[in-house]
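Take a look at the structure below.
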Amino acid sequence: MTQYDFDQVVDRKGTFSLKWENIALALPTASDDCLPLWVADMDFPCAEPIIKALHERVDRLIFGYSVQSHPSYYAAVTGWFQRRFNWQIDHDDIFFSPGVVPAIGFLLEALSEVGDGIIIQPPVYYPFAKKISEYGRTIVTNPLIYQDGRYTIDFADLEDKLSQPSNKGMILCSPHNPAGRVWTKEELWQIASLSEKYQKWIISDEIHCDIIRCNQTHIPLEKVYPQYKEHIFTCTAPSKTFNLAGLQLSNIIIHDAQVKDYWFHNVINKVGLSSPNAFAIVAAIAAYNEGEEWLEAVKRYLDDNVRYVEEFVQNNLPKIKVVPCEGTYLMWLDFSAYGLQADELEKMMQKKAKVALDEGYIFGEQGAGFERINIACPRSILMDCMMRIKNALSNV
Ligand SMILES: Cc1ncc(COP(=O)(O)O)c(C=O)c1O
C-alpha cells in the first residue's frame, strides 16, 4: 500500500491559485497575508496516477480540441459510481459542464421561467442563491433547523413551499455545504416523495459525495427514489474528490428527454460548451480508475483534522460550538456565544487573527455568527489557523 504524506506543505504561491494569491478577488476585506482556509480546494498534492497521466498527456505535445465522449471516459465515470455507490448510470445520461455552478444555471433555465420560485435550504452554498437571482428566478428559502448544535430539514415548511404552484423545484445540497450533513436515506426519501407529490423537480448537487467521514454513507438521491429519476438532475464532478477544480470538468446526470434536448440546443450548440479541457479528460479517467486508494487515505487524514479541530475547540475555545462534520472538508463553527455582529466577527478573523475563512453570513442570514473553515490542508496549517483564532479571541 502506498504511503501518503498529507503533512507535506506544498507552496501554492506562483501557481495562479485563487485561494493563496488572489484572496481579495473574492474576499475584498481580507489581505494576502491572511492564512487562507476559505475556498473549497485542497492543499494536498493530487494522486500519483493523475499526475502521471497528465505528464504523459503533456508528452504528446499537442493540445488541440478534445472530446470526452469516448468509451474509456464513460467507463471510468460509470465504473466509479457503480463501485462506490452501486449506482448504474447510462452513459447517454452524462452531460459535460465545466463546473457544477454553471450547470445549475443551465438547469434553472431549462426547468423554469423568469420569476418562478426555486427552493434552497440555507445556510447553504451561496452560488445557489446567486444563480437563482442571475437567471431572474425567485429565491424561496426552506431554512434548515439548527437545534442542539445540529442541522435537520424542516419538512413541514418544505411541504408548504413545494405545494405552492409558483415554486417549481429545489436545489438540494447533498452532502450539505456548509451544514456538514450527509442526508440519511429517510431524509432523502422524504424530499423526493414530497417533490413527487407536488410534481416538482430537484437539482441534487452531489459534488461532495465522495468526501465524507469514514463512518458515513452517502446515498445518491436518485438511488433512493428511482421511480422519480426523470425529475432528478444530479450534479457530480471529480473536482472536489480529487482536487481538480482548476481543470474544470463536471458530469451532470440528466434522464429527462426534454432537458437533454435543451442541453444539446442551448448548452452545446448555442453556448458552445462541447469540448472539455484536454487535461481534464485524462485526469478524470486516471482519478476514477486509479484514485480510490488515495481518496481513502485523504478521507482518513480529514477525519483526523476534524477530530483535531473538535479537540482544540473543546480545550481552548469552549465558547465555540463545532457543528458535527459528517461530510465535506468544510467545518462550520458557531461563534455566536461571543456576541459579535457578523461584520465584527469578520474583522476579528481577517484583521486580528489574520485568517481568511468563509464568513457564515454569505451562506444566508442564518449563517451570521458562524465561520466556515476549509480543513483540507496539512495539520500544521490547521494548527496555525486555530492558534491564530485562539490568540485573537483571548480578550473577547
Ligand atoms: C455544493 C457545491 N457545489 C458546487 C461547487 C463548485 O462547483 P464548480 O467549481 O464545479 O462550479 C462547490 C464548491 O465549493 C460546492 O461546495
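Before moving on, here are some points about what is shown:
- Within region 291-298, the presence of a residue that is closer than 20 Å to Ile232 by Cα, assigned to a helix (DSSP H, G or I), open to solvent by 60 Å² or more (accessible area, probe 1.4 Å) and out of contact with any Phe, Trp or Tyr (no Cβ under 7 Å at 6 or more places or on another chain) is excluded.
- Residue count, region 79-97 (criterion: of a type in the set (Gly, Ala, Ser) and within 27 Å of Val271 (Cβ to Cβ)): 1
- Condition met for Leu221 (open to solvent by 40 Å² or more (accessible area, probe 1.4 Å), within 15 Å of the ligand (Cβ to nearest atom), touching a residue at least 40 places away in the same chain (Cβ under 8 Å) and in contact with a Ser or Thr (Cβ under 8 Å, 6 or more places away or on another chain)): no
To keep it simple, each residue is scored yes or no on (1) within 22 Å of Glu311 (Cβ to Cβ); (2) crowded, with 18+ Cβ neighbours inside 10 Å.
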{"residue": "Glu326", "(1), (2)": "yes, yes"}
{"residue": "Tyr329", "(1), (2)": "yes, yes"}
{"residue": "Lys351", "(1), (2)": "no, no"}
{"residue": "Glu359", "(1), (2)": "no, yes"}
{"residue": "Gln366", "(1), (2)": "no, yes"}
{"residue": "Gly369", "(1), (2)": "no, yes"}
{"residue": "Arg379", "(1), (2)": "yes, no"}
{"residue": "Leu382", "(1), (2)": "yes, yes"}
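- Residue within region 300-311 that is at pLDDT 95 or above, within 16 Å of the ligand (Cβ to nearest atom), open to solvent by 20 Å² or more (accessible area, probe 1.4 Å) and within 20 Å of the chain's Cα centre (by Cα) present: no
- One residue stands out among those in region 183-207 that are within 13 Å of the ligand (Cβ to nearest atom) and of a type in the set (A, V, I, L, M): the one that is farthest from Cys325 (Cα to Cα), which is Ile203.
- The residues listed here are Asp210, Asp154; of these, the one that is open to solvent by less than 40 Å² (accessible area, probe 1.4 Å) and either touching a residue at least 12 places away in the same chain (Cβ under 8 Å) or more than 16 Å from the ligand (Cβ to nearest atom) (or both) is Asp210.
The rows are residues; the columns are (1) more than 18 Å from Ile252 (Cα to Cα); (2) away from the ligand (no atom under 16 Å from the Cβ).
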| site | (1), (2) |
| --- | --- |
| Pro49 | yes, yes |
| Ser72 | no, yes |
| Thr78 | no, yes |
| Val101 | no, no |
| Gly115 | yes, yes |
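- First in region 378-396 and within 15 Å of Gln350 (Cα to Cα), second anywhere and basic (Lys, Arg), Cβ under 7 Å, 6 or more apart: Arg388/Lys354; Ala392/Lys352
- Within region 261-290, the set of residues being open to solvent by less than 40 Å² (accessible area, probe 1.4 Å) and either of a type in the set (Lys, Arg) or modelled with pLDDT under 95 (or both) comprises Pro276 only.
- Matching residues, region 224-248, being within 16 Å of the ligand (Cβ to nearest atom) and open to solvent by 10 Å² or more (accessible area, probe 1.4 Å): Ser239, Lys240, Asn243, Leu244, Ala245, Gly246, Leu247, Gln248
- Restricting the first member to region 238-253 and to residues that are part of a helix (DSSP H, G or I), and the second to residues that are acidic (Asp, Glu) and more than 9 Å from the ligand (Cβ to nearest atom), the beta-carbon pairs closer than 8 Å and six or more apart or on different chains are Lys240/Asp210; Thr241/Asp210.
- Close pairs from region 255-271: first in the same structural domain as Ile94 (by TED's automatic domain parsing), partner buried (at least 18 other Cβ atoms within 10 Å of the Cβ), Cβ under 6 Å, at least 6 apart: His255/Lys229; Val259/Ala110; Lys260/Ile254; Tyr262/Ala110; Trp263/Phe95; Val267/Phe106; Val267/Leu273
- Out of Asn277, Asn266, sole residue that is away from the ligand (no atom under 16 Å from the Cβ), out of contact with any Lys or Arg (no Cβ under 9 Å at 6 or more places or on another chain) and more than 16 Å from Ile89 (Cβ to Cβ): Asn266
- Of all residues in region 117-128, those satisfying the criterion of being within 13 Å of the ligand (Cβ to nearest atom), open to solvent by less than 30 Å² (accessible area, probe 1.4 Å) and in contact (Cβ under 8 Å) with a residue 40 or more places away in the chain are Ile120, Gln121, Pro122, Pro123, Val124, Phe128.
- When we screen Ile381, Ile362, Ile320, Ile389 for residues that are within 16 Å of the ligand (Cβ to nearest atom), at pLDDT 95 or above and among the β-branched types (Val, Ile, Thr), the only hit is Ile362.
The values are calculated or read from the model by the stated rules, or taken from the named source; none is laboratory data. Everything quoted here is computed from the prediction, not taken from an experiment. Glycine gets a Cβ as well: all are built from the backbone with ideal geometry, and neighbour counts include every protein chain shown. Only protein heavy atoms, including side chains, enter the accessible area calculation; ligands, DNA and RNA are left aside. Shrake-Rupley method; radii C 1.70, N 1.55, O 1.52, S 1.80 Å.
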